[in-house]
1. Just the number, please: Stokes-Einstein D of segment C:89-315 in µm²/s, Kirkwood Rh from C-alpha pairs, 10 °C, 1.306 mPa s.
2. Using Cα-only point scatterers and the Debye equation, what is log10 of I(q)/I(0) for the protein assembly as shown at each q in 0.06, 0.07, 0.09 Å⁻¹, rounded to two decimals?
3. What is the gain in length, in nm to one decimal, between residue B:186 and residue B:533 on full extension, counting 0.36 nm per residue of separation less the C-alpha to C-alpha distance?
4. Just by accessible area at a 1.4 angstrom probe, what is the order of B:281, C:70 from largest to smallest?
5. Say the dipole of the protein assembly as shown comes from +1 at the beta carbon of Lys and Arg and -1 at that of Asp and Glu; which of B:69, A:116, C:32 then lies farthest toward its positive end?
6. Give me the distance in nm between label points sitting 7 Å out from Cα along the Cα-to-Cβ direction at residue B:375 and residue C:68, one decimal.
7. What dipole magnitude, in Debye to the nearest 20, does the protein assembly as shown give about its Cα centre under +1 on Lys/Arg Cβ and -1 on Asp/Glu Cβ?
8. Can you tell me which of A:49, A:247, A:181 moves the most in a GNM of chain A? Springs connect C-alpha atoms under 10 Å apart.
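The values are calculated or read from the model by the stated rules, or taken from the named source; none is laboratory data. Not measured: the values here are computed from a predicted model. Here the Cβ positions follow ideal geometry from the backbone for every residue, glycine too, while neighbour counts run over all protein chains shown. In case anyone asks, the SASA skips ligands and DNA or RNA and just uses the protein heavy atoms, side chains included. Shrake-Rupley method; radii C 1.70, N 1.55, O 1.52, S 1.80 Å.
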Amino acid sequence: MKVHENKNLLESVRDFWNKYKKNKGGVIGLYSLLIILLVAVVVPFLPIYDPNSIQFGSFMPPSLAHLFGTDELGRDVLSRVLWGTRTSLSVGFGAALVSSLAGIILGSIAGYFGGLFDEVISRITEIFLMIPAFFLILLIASIYGSSIYYVILVIGLTTWPSTARIIRAQTLSLKEREFIYAQKVIGSSASRVLFIHLIPNAIQPVIANSILQVASAILLEAGLSFLGLGDPNLISWGKMIYNGSIYIFSSWWIAFFPGLAIVITVASLNMIGDALATVLNPRLEERGA
Amino acid sequence: MQISFKVIIVLILTTSLISPQVIGQELTPKLGGTLVVIQVGDPKSFNPDAQVDDMGFPIFQNLFDKLVTLDIDYNIIPDLAYKWDVSSDGLIYTFYLYKNATWHDGVPVTAWDVKWTFETINKSKGIAYSWIKASNIKSIDVVDNYTVRFVLKQPFAAFLSFLAWYGTFVMPKHIYQNFSDWMDPKNAALQKPIGSGPFKFVEWVKGDHVTLEANDNYFKGRPYLDKLVFKIIPDANTALSSFLAGEGDVLAVRPPFSEIPKLNSTSGVIVIMRPVPSRWYLGFNLLRYPFNDKTLRLAIAYAINRTYIVEKALYNYGFPAEGGYVPAIKWAFNPNAKLPEYNVSLANKLLDEAGYKLGSDGIRVTPNGTKLSIKYTYFTTGPETEAIGVIIKEQLKKIGIDVTLEGLEIGTWEQKVVRERNFDIALCDGFEGPDPDNMRSRFALGAYLNFANYSNVEYLKLLENASTTTNFETRKELYWKAQEVFVQDLAYLPLVDLVAFYIWKKEFHGLPWESSGKVNYNSYAITWWEKGKSIEPEYITFLKSNALTIAVVVVGVIILGIAIKRGLLKKWAGKSTS
Amino acid sequence: MGWKEYLLRRIIQLFFIVFIVLILNFLIINLAPGDPASIMAGELATKEYIEAVRQKWGLNKPIYERLISYVSNVVHGDFGYSFTYSQSVLSLIAERIPITLMLTLTSSILAFVIGLLLAVRSAQNAFSKEDIIVSNAMLVLYSVPSFWLGLVLIGVFGVGLRLLPTSGMTDVRAANTGLLLAIDILIHSILPISTLTAIQIPVYYKIARNSIVEQSSEDYALTFTMAGMNRSDLFRKYILRNSLLPPVTVFALHLGYILSGAVLVEIVFGWPGMGRLLLGAVYSRDYPLIMGIYLITSITVAFANFFVDILYVLLDPRVKYTNESS
């Protein structure tokens, strides 16, 4: 969908929301994500146990006192699941941000300037696609360290190619259009054209893609933590599953509930992303809408 | 004297009921069966001496022999050598080998194999190179085909213990001598080994299992088992479920602690627990302020409740550490060198008096002005290391120290802590046997593993002297003194003394951990299966188990015969014949 | 520029890329912290001994020297020898590949077929209640972490239902051979393959469904409908064929990840495949083995990409082969 320069911003937003509302999955996903975000923000004020306190008995099954039971060190699982929203959302959005930034910058440069820039950047993109992301993240996380910042950086730097490709394709088609040409005629500098005119218009397909990237970043971090490479100072769902996997036969709740939390969070994001993609792609719309 | 005949008959009948069928039958080994041992990983290759190979070690113990070996109590017992002498100056070790030992391909095992093995360990830097001090061996002489002599440059009291331990398997010279490199991949023996041990190699399916079979010509007698299989399962959880599903007979992977009670109460399974000479310990970086301050280290020692760590992180399967060496090596352990007892208020008092002021955020500040925020570096090999960290973090919070956890993968941990010495406090574990000389390679000045940079010269001298003394009592005294110094300085703080679990199916007997004094702690040479075939011919077993009944019947027949001869029966039967 | 020149150009590009990846791999791995020599030397080793080990493996030579010799070896087909196993890297990897393939190839094919079938059904009643429910269910399935699903299945089948083996590839005690062995492996593979398939179905479903819906709104579809062609004919003869390209493309791309995609599942179910080999190699800093695995996987991805390019040449005549490829 191309933004027409002359449509009112408010009208565009309202149009968009009307279309979006029709996608039931998208609506459920949105509300669900909002609840999760809310939890992440207010969790310190919730009337739950200290997630790090090891004072309770270990391996207590779910009960009225501990709705999700306690883990192998005696910590309350419900509390840890709720606190885990912060880690997962930070990693997810953080990595997606890094990825999108890298992708947007590289993709737009490749598309706009073309020539050697394009050639080089496209090859670099392919190189990154060639290295299986999970393997690379595993290698780097295991030997360079498992601090959460590393994890965000590494996930971001291995997932930018998809964003870059989209931006590049968008840039290529947009740069021939009149309003860009007009800017060139006026004599605007390349960076001005890029940042003020091109990118804001090219960005739309990226939004849906970025939401999906948040989802996959959360899954990647969980996978990493499951291999034991997560940051031990944070409460992470993937790590909880890792710690609890040994006890799956007897104290199944330790690994089960964090996994459920991942499914709900990631599914919400995926539904939103899917709704966005559908809304922004006219060919997938129901005819007569 | 004529005993009433009735009484005799009654006696015969009653005694025949006490058949010894219940007694003693179970204790005779049976032939046959397959023992499946579940373990955590593949061996790396079948060269038993070239590299550290924890997964291969138990397999090597059954394929190969050493000169001498260690039993479950870490006593030195004969293996290929039935006898050995040590000269009074401690420089000459003479080993007398069994004359009927052969390699699995039939070639006899001789002193030449021993000589070749140890010379190659020296030349190719086999793993035992460091701890048997291969560079200290002046020469290895073949006195005759079955007698070999090691001449040392300097006395080394622990030489025999280390010879019995690891990486000292005698290897077949006639196979390896054709290759210049004993790890040459073209050598088939690296994948299909030829050893001299109780079991022969059959096959290795990588990632799945290693199968061995009985060596009929084993010089100590064919093992009872027909086959020995090592099944490879990567993690404790799946290993446990595999064992419970009947896919294994010995579980050589420690299952999660929480499952031990369940195993204990599973019918047909036996679980025993024994202390091992291994412990978890903390090291302080003595080259870094404020860890060079002994008062701080002492306060931290008072603040850590080792009993609580055993309860919470090990679910009570272990012991709070005692002393400066492992209690499991009994003769060397000094029970009087005690570690600080848990006392939080004393810890706080010490820190207050030493000028570590408590800040408004609950974290103390050193006299130099830096906040006491420290990093605890551990390796992520299992859940205990992190659990211990979480507990220590909570406990140190109570004395105003803020702890951040840094979990590193083992290679990175080694790089950061041991090589670069870039850490605050680090958790390490270690096997401290088989000989207290281990302390010298782990904690003393100059040792590669001495990551705390412990530089007490007195400690080093005590250990060095103990290493070269030939008198046992003197050695013991020196080691006891060294432990006193160790617990005074607290460069390292031992936390937990570990136990090992032995889990097996009760239908197997003669396991190495039940056979102190007889076999190596990993060897299944005398293990047997209840449901195997009897070794003796069947009629002998029949006779043995019914011996008393048979004896009674025979005696009864004889008495009956005499009675008939004497016409007593008629008298008894027909009372009226008068 | 025609398609022949295009493909040639692509081959050259891919060779070049794999070469760069080779060098990058080497640098990342060899410059990483952790010393393979001291790991190999074990505890209680003296510094002198560690140095000896380092020398033996040529680790004391400067990095550029090692890089050059590594690259020239690889070009000659020699991937080096593993530090930990006494075997050539290539043979180690070759041993594991079939095991991983058994899981990934089977699950990919199954997922493709099932996903496609479900998509066809959904797309034919696009935007109906059924379609919406199935599509969203697929989204949820797509959000499930593979290892968690594996664990849940293990929990259910290992404890609850006790029907299927939950770990390993074979039952060692039985020591089966031949047909019995094949059956044994098959039974052990049910749970891991199910896990992997379940995770992948949503991908194919979504691509196929969207592709079919898109095709249905194309001009030619409208034209044919107005000309009187009935729906199922239209579907069978034109729409289905035309909408196959995207899912097949995705399948081909996924083939690139055929060796690396099952790491987590292999670990959960204890299958001795590439994933476990890699993890172990990383922990013991077995440089040649790590590099070998990365190289093979990169080459596989390169091939898969190239395969997709060929596919496009063959199947989509509308694409022009100018400088703006992909």
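1. 81 µm²/s
2. Debye output, listed in q order: -0.60, -0.79, -1.20.
3. Length gained between residue B:186 and residue B:533: 120.8 nm.
4. On the way: B:281 5, C:70 25 Å².
I get C:70, B:281, largest accessible area first.
5. Value: B:69.
6. 3.7 nm
7. Numbers: 104 positive and 97 negative charges, 310 e Å.
Charge dipole, the protein assembly as shown, about its Cα centre: 1480 debye, nearest 20.
8. Of A:49, A:247, A:181, the most mobile in the Gaussian network model is A:181.
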